[in-house]
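Each remark here refers to the structure printed beneath this line.
The values are calculated or read from the model by the stated rules, or taken from the named source; none is laboratory data. Remember, it's a predicted structure, so these values are computed and weren't measured experimentally. Ideal geometry is used to build each Cβ from the backbone, glycine not excepted, and the neighbour counts take in all protein chains shown. Surface accessibility is based on the protein's heavy atoms, side chains included, excluding ligands, DNA and RNA. Shrake-Rupley method; radii C 1.70, N 1.55, O 1.52, S 1.80 Å.
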Amino acid sequence: MPRRSSSISLAEARRIAIATQGFGADRQTGEADIGDLRRMIERLGVVQIDSVNVIARAHTLPGFSRLGRYQTADLDRLAYQGRKRKLFEYWGHEASYLPVSLQPLFRWRMDRAARGEGVYTGLAKFGRERQDVIEKVRQEIADRGPLAAAELSHEHKGEGGWWGWSEGKRALEWLFWAGKVTTRTRRGAFERVYDLTERVLPQEIIDLPTPEPRDAQKRLLSLSASALGIASERCLRDYYRLDAEDAKPLFAELVEAGDLIPVSVEGWPKQAYLAPGIRIPRKVEARALLAPFDPLVWQRERAEALYGVRIRLEIYTPAHKRTHGYYVLPFLLGDTLAARVDLKADRPASVLLVQAAHAEAGFEPARVAEPLAAELRLMADWLGLETVRYQGRGDLDAALKSL
């Protein structure tokens, strides 16, 4: 383990980051079970939720990237299986699945939201001005049980139609931020069904004491370090979206307590930190397709510093201005990012479409094509698709088609 204030190479930092995130270990030959999935999520500490479903819903992809084949129904069971659930939904890193054991660590954020702090300006204003509506919605859920926004009897439209939401929907959003309600389940087109938090979470979690905000934030920074392995102050704060004003004063205390180890990384202008107990792998043999919202790459500055690759989500970029495609997954090979592929699941035709495949600078297509093709085949199997089809764009296309 590096000593305090030591230096490590960029290659060592890459290997630490990849191994700590759960890559590089041999995958099981068969299908991973719900226990494997639970341990993986507990290791990450957070999985960002996104309803984008070009291949599969985005939050199902980190499990595939690390475990290979698994049942996505297991993720639903972990998140929505009554009061035995192991995950809950809240604002962790954006909308997220979080281990239920972490719920007390976010109560300070819920309390602030109830005061109108740390939430959207429009929602804060609504919370100040329409507590009557908020209480009516809370009481309706208390009386009627779990409800989706469309099932509320209160359908009055607010002036200006903020995002087109009814006042009932805005009240639900405020109650969710404030921790008064949470997601009991999802249904249909990923529609959230709300219930009172005390009727959803395990009783042992409800009964846990609430830490002081400062202590909760220190714990979240430590968890971020354990999940990332090595990161700058900004990246550690970003993992659970902690404000700089809150988090910056805590780093000296965490270093003094041995909960963070300061190191310098070759080529990084900023101070980096290691989690205690981290060891530098001699070698990492990873192979994975990464969701755009995978925690290994979601902090774009860190991804570029580690792998020399600039990653941008191009979904909202006009088609003629896209560089790599609509829904692009980086391909992790060994200890770096070797390629990126624009993928789409054509379910009626049972085909995984590779709409474009590009090698990163410095990677010969022949070196990347075979392991990438194997990973694409594994993904198709996991999705229940019969065929992988290459569409002809990108410098990897010919090499992939030749296999």
Over 21 Å between C-alpha atoms is what I'm after, so list which of 84/169; 86/180; 86/248 land there.
84/169; 86/248
Of the accessible area of the chain, computed with a 1.4 Å probe and all protein chains kept, carbon and sulfur make up a percent value of 47
Taking the Cα atoms of the chain, report the difference between the largest and smallest coordinate on each principal axis, in whole Å and largest first.
64, 57, 41
For region 243-319 the chymotrypsin sites (Phe, Trp or Tyr not before Pro) that pass both the DSSP coil test and the at-most-11 other-Cβ-within-10 Å test are 316
Dipole in debye (nearest 20) - region 119-201, about Cα centre, beta carbon charges: Lys, Arg +1; Asp, Glu -1:
240
Pairs of alpha-carbon atoms within less than 8 angstrom and 6+ residues apart define the contacts here; what relative contact order does region 228-274 have, in percent?
43
Highest average packing first - 213-226, 353-366, Cβ atoms within 10 Å
213-226, 353-366
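Suppose every Lys and Arg Cβ carries +1 and every Asp and Glu Cβ carries -1, with no other charges. What dipole size does the chain come out with about its Cα centre, to the nearest 20 debye?
180
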Could you work out [θ]222 nm for the chain from helices alone, using -39500 (n - 2.57) per DSSP H run of at least four and dividing by all its residues? Round to the nearest 500 deg cm²/dmol.
-10500 deg cm²/dmol
Taking a ≥ b ≥ c as the square roots of the Cα gyration tensor eigenvalues, with a/c under 1.5 meaning rounded and otherwise prolate when a/b beats b/c, else oblate, which class fits region 312-402?
oblate
Using the Cα centre of region 312-402 as the reference point, and only Cβ charges (+1 on K/R, -1 on D/E), how large is the resulting charge dipole? Debye, rounded to the nearest 20.
340
Say each of residue 285 and residue 136 gets a label point 7 Å from the Cα, pointing the same way as Cα to Cβ; how far apart are those two points in nm?
6.4
Using alpha-carbon pairs under 8 Å, 6+ residues apart, how would you state the relative contact order of the chain in percent?
18
What value does region 160-301 have for Rg/Rh, both radii from Cα atoms and Rh as Kirkwood defines it?
1.05
Furthest towards positive pole of dipole, 124, 166, 183, structure part region 119-201, Cβ charges
183
Heavy-atom surface of the chain, accessible at 1.4 Å and reported per residue (Å²)
44
Roughly how far apart, in whole Å, are the Cα centres of region 198-262 and region 330-393?
36
